[in-house]
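Have a look at the structure below before the remarks.
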Amino acid sequence: MGTLKYGTSLTLDEAADRYDVAWVRPSQSTGRIQPTPRTRGSVRGHLVDFTTNRALGYHSTLEQRLGTMLSADPAVIDLEDQPSPVLNYQFPGENKVHEHTFDFRATFSSGVRIAYAVKPLKKVKSSRIHEIVDLIKVQSLRGFADIAVVATEEQITQEKCDNAEEVNEARRSRVQRDCDAVLAHLRSYDGAVSMIDVADGSDDPGRTRIAILCLIYDGLVKHLDPFQRFDDAPMIVASFH
């Protein structure tokens with residue numbers, strides 16, 4: 001296996017006038033409902049969307065995982081938690097107007113906006129969430145989002161979340177020189193290769209892995225089994241476009 005070489009990192013003098021390498025405090029969440037202090041057995045808090053450098057509130061483990069996954073999707077250009085306004089809906093034959101707040105709204109580079117209602121599988125039936133979302137699609141979704149979906153553990157898997165967390169951490173430590181060197185190295189292979197083997201065979205395995213993860217985010221390297229964790233299914237292949 002070839003040896004990867006790296007340039008030196010930025011010195012303080014080199015970074016002095018560059019705001020792209022400085023830490024900037026994340027802006028506050030824009031969610032209309034903010035997480036309350038944690039109680040026993042609850043999972044609530046904030047994560048940071050690296051793309052917008054904005055805090056995102058979550059009120060459950062599933063919401064935290066979906067927020068992490070969406071924030072690691074390169075096609076998502078804006079991500080909102082508990083977005084306004086509240087949407088109204090009515091059940092057939094009833095006069096009462098109900099209100100619903102979606103957990104996330106993602107705006108994609110294509111311009112499409114998707115609203116996500118997060119619900120654990122064990123509560124899908126009792127909450128009537130599929131029926132509620134279907135009613136909202138007809139009665140009040142227009143102008144708020146193009147698509148509304150229900151997301152459960154079937155879509156929000158631990159494996160996808162673990163990979164997304166790794167990608168987001170790598171993006172925070174990105175060094176473009178490393179990415180360029182690793183991409184050139186990966187393109188020298190005829191077919192797929194293990195990202196673990198590539199990293200372990202380099203001068204600096206940690207920096208090489210970070211570069212690989214950034215290239216996966218960029219779409220220049222493809223993870224061949226995205227439903228599995230990187231370490232459990234490490235095969236990747238570089239693109240040439």
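Restricting to region 88-138, and then to whatever is small (G, A, S) and in contact with an Asp or Glu (Cβ under 9 Å, 6 or more places away or on another chain), can you tell me which residue is farthest from E153 (Cα to Cα)?
G111
Name the residue, out of G93, G111, G57, that is surrounded by 13 or more Cβ atoms within 10 Å (Cβ to Cβ) and of a type outside the set (S, T, N, Q).
G57
Identify the residue in region 167-178 that is touching a residue at least 40 places away in the same chain (Cβ under 8 Å) and over 29 Å from A117 (Cβ atoms) and, among all such residues, is surrounded by the most Cβ atoms within 10 Å (Cβ to Cβ).
Here the answer is D178.
Would you tally the residues in region 82-96 being hydrophobic (A, V, I, L, M, F, W, C) and assigned to a strand (DSSP E or B)?
Going through region 82-96 one residue at a time, the tally reaches 1.
Which residue is farthest from I114 (Cα to Cα), if the candidates are limited to region 55-66 and must be among the polar types (S, T, N, Q) and not in a loop (DSSP other than H, G, I, E, B)?
Taking the candidates together, the pick is T61.
M69 versus (1) in contact with a helix residue (DSSP H, G or I) (Cβ under 7 Å, 6 or more places away or on another chain); (2) over 19 Å from G219 (Cβ atoms); (3) in a helix (DSSP H, G or I): which is the lone unmet condition?
The number of the failed condition is (2).
Determine which member of the set A211, A164, A199 is surrounded by 17 or more Cβ atoms within 10 Å (Cβ to Cβ) and in contact with a Cys (Cβ under 8 Å, 6 or more places away or on another chain).
A211 is the lone residue from the list that is surrounded by 17 or more Cβ atoms within 10 Å (Cβ to Cβ) and in contact with a Cys (Cβ under 8 Å, 6 or more places away or on another chain).
Which ones in region 97-134 are part of a helix (DSSP H, G or I) and either of a type in the set (S, T, N, Q) or outside the structural domain of T68 (by TED's automatic domain parsing) (or both)?
S126, S127
Which pairs turn up if I take residues in region 84-112 that are free of Cβ contacts under 8 Å to residues at least 40 places away in the same chain and look for partners that are assigned to a loop (DSSP other than H, G, I, E, B) and of a type in the set (D, E, K, R) with beta carbon separation below 6 Å, at least 6 apart in sequence or on another chain?
Taking only residues 6 or more apart or on different chains, the pairs are V112/D146.
The values are calculated or read from the model by the stated rules, or taken from the named source; none is laboratory data. Keep in mind it's a predicted model, so treat the numbers as computed, not measured. We place every Cβ from the backbone using ideal geometry, glycine too, and count neighbours over all the protein chains shown.
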